[in-house]
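The values are calculated or read from the model by the stated rules, or taken from the named source; none is laboratory data. Remember, predicted model here, so these are calculated numbers, not experimental data. With ideal geometry, Cβ positions are generated from the backbone for all residues, glycine too; neighbour counts draw on all protein chains shown.
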Amino acid sequence: MPELRALSGIGVKGPACFLLSIDGRSLLLDLGRGPDGARLPDLSGLPRIDAVLISHGHVDHTGGLDQWQALGAPPLYAPRPSIALAQEGPLTQATPLDGRDEILGLPLLTGAAGHAPGAVWMRIGGAEGLLYSGDVSRESLLYRNDPLPRAAALILDCAYGTADEPLTAQIAAIEALADQPLLLPCPAGGRGLEIAAHFLAAGHSVRICPAHRRVARTLVDHRAWLTPEGRKMLDSLDRAGDLDATGPLDGIMVAAGPNAERGTAQPLAARIAASGGARIVLTGHVAEGSPGAALLAAGKALFRRWNVHPTLAQAEALVAQVAPRTMLAAFCGTDALADLRDRTTWPLAPGERLVW
Ligand SMILES: [Zn+2]
């Protein structure tokens with residue numbers, strides 16, 4: 001009987017790490033760290049791991065890979081764009097996950113999850129197996145998403161809990177702030193390029209940091225992962241200027257990292273916090289203890305979400321597509337999980353285990 005145990009990722013915002021035991025094999029699905037502090041999944045007492053499957057390159061899904069050697073260096077699989085974008089560590093040596101139809105002899109199906117460069121959902125064990133959504137979005141203008149297949153068991157990205165605001169309304173709220181220069185700290189391998197391309201199309205002067213430029217150049221070799229509109233958006237980024245920490249504060253400035261904790265965003269946000277000249281707008285998860293959290297608390301930054309996870313309505317549609325007999329709602333806190341239990345008819349399992 002297959003079994004799935006969440007080592008981490010249930011009742012809390014990340015890190016992602018799930019142990020799937022199926023047909024005598026043990027697979028780890030993602031091996032993350034953070035996103036708040038350096039939180040790691042508890043890997044003690046695990047059976048021998050036969051393979052590690054990575055859904056995408058974000059640190060809350062890959063940041064625990066420094067434990068990969070300690071796990072016995074099992075075969076490591078990841079989507080091609082995530083491998084291409086990795087700059088260090090085991091992920092650079094991973095075997096492509098997308099395009100495979102089996103893993104350790106088990107049926108495998110993957111598809112584009114619409115969340116980030118190369119983000120995939122994966123189904124292991126066929127229609128009677130498990131579907132792991134990874135991080136998934138149905139609103140990205142840039143990243144392609146494929147419909148989810150049916151599966152007996154589901155782990156679904158519920159990072160936004162019962163929040164239900166559509167991206168179009170969020171974009172309007174951010175645009176309303178663009179009468180002044182805007183610094184938008186973003187993950188380079190995520191919504192940053194989409195935000196930059198959106199503001200370019202809306203006629204704004206836009207600059208992107210070197211980390212975002214690197215991702216844009218890498219994506220040229222992975223255009224099949226983009227929507228048809230997204231391919232035009234990627235081409236349009238040639239018109240975005242180069243952003244550095246010392247230049248003028250004007251127009252739309254898109255810089256990594258997302259919490260102003262590193263990269264070009266860190267010194268730019270510090271400069272703006274000290275001397276003004278632009279608005280700082282955070283659009284994603286604000287990590288505890290980060291400069292972004294401190295800027296928000298001090299009234300030096302604003303928060304306006306740009307969806308990269310499903311709204312409740314989209315999550316409902318995803319559950320209907322998969323039609324699972326049992327499921328876990330992942331990556332949200334206990335309060336949001338309780339709300340989901342109240343407000344949906346999903347077959348949510350108690351606790352952190354699925355057996356089917
Ligand atoms: Zn992610």
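For the structure I just gave you, tell me whether Leu131 is assigned by TED's automatic domain parsing to the domain that holds Ala313, modelled with pLDDT of 95 or more and closer than 20 Å to Thr110 by Cβ. For Leu131, the condition - assigned by TED's automatic domain parsing to the domain that holds Ala313, modelled with pLDDT of 95 or more and closer than 20 Å to Thr110 by Cβ - is met. Taking residues in the range 237-263 that are within 20 Å of Leu142 (Cα to Cα), and partners anywhere that are of a type in the set (Val, Ile, Thr) and not in a loop (DSSP other than H, G, I, E, B), the pairs with Cβ atoms closer than 6 Å and at least 6 places apart or on different chains are Ala240/Val206; Ala240/Ile208; Ile252/Val206; Val254/Ile195; Val254/Ile208.
The criterion of at least 1 residues that are farther than 26 Å from Ala224 by Cβ is met, among strands (runs of 3 or more DSSP E) falling completely within the range 1-108, by 3-8, 17-22, 25-29.
Consider the range 115-124 and keep the residues that are of a type in the set (A, V, I, L, M, F, W, C) and either within 16 Å of the ligand (Cβ to nearest atom) or assigned to a loop (DSSP other than H, G, I, E, B) (or both). The one that is farthest from Gln321 (Cα to Cα) is Ala116.
Of all the listed residues (Ala112, Ala127), the sole one being within 14 Å of the ligand (Cβ to nearest atom) and surrounded by fewer than 24 Cβ atoms within 10 Å (Cβ to Cβ) is Ala112.
The requirement of being in the same structural domain as Pro258 (by TED's automatic domain parsing) and more than 16 Å from the ligand (Cβ to nearest atom) is not satisfied by Ala323. From the list Ile155, Ile171, Ile195, the one residue that fits, being within 30 Å of Val322 (Cβ to Cβ) and assigned to a strand (DSSP E or B), is Ile155.
Every condition in (1) within 13 Å of the ligand (Cβ to nearest atom); (2) at pLDDT 95 or above is met by Gly72 except one, and the failing one is (1). Selection within the range 31-49: residues that are within 14 Å of Ala73 (Cα to Cα) and either surrounded by 18 or more Cβ atoms within 10 Å (Cβ to Cβ) or within 15 Å of the ligand (Cβ to nearest atom) (or both). The member of this set that is nearest to the chain's Cα centre (by Cα) is Leu31.
When Ala172 is tested against (1) away from the ligand (no atom under 16 Å from the Cβ); (2) in the same structural domain as Leu46 (by TED's automatic domain parsing); (3) of a type in the set (Gly, Ala, Ser); (4) out of contact with any helix residue (DSSP H, G or I) (no Cβ under 7 Å at 6 or more places or on another chain), just one condition goes unmet, and that condition is (2).
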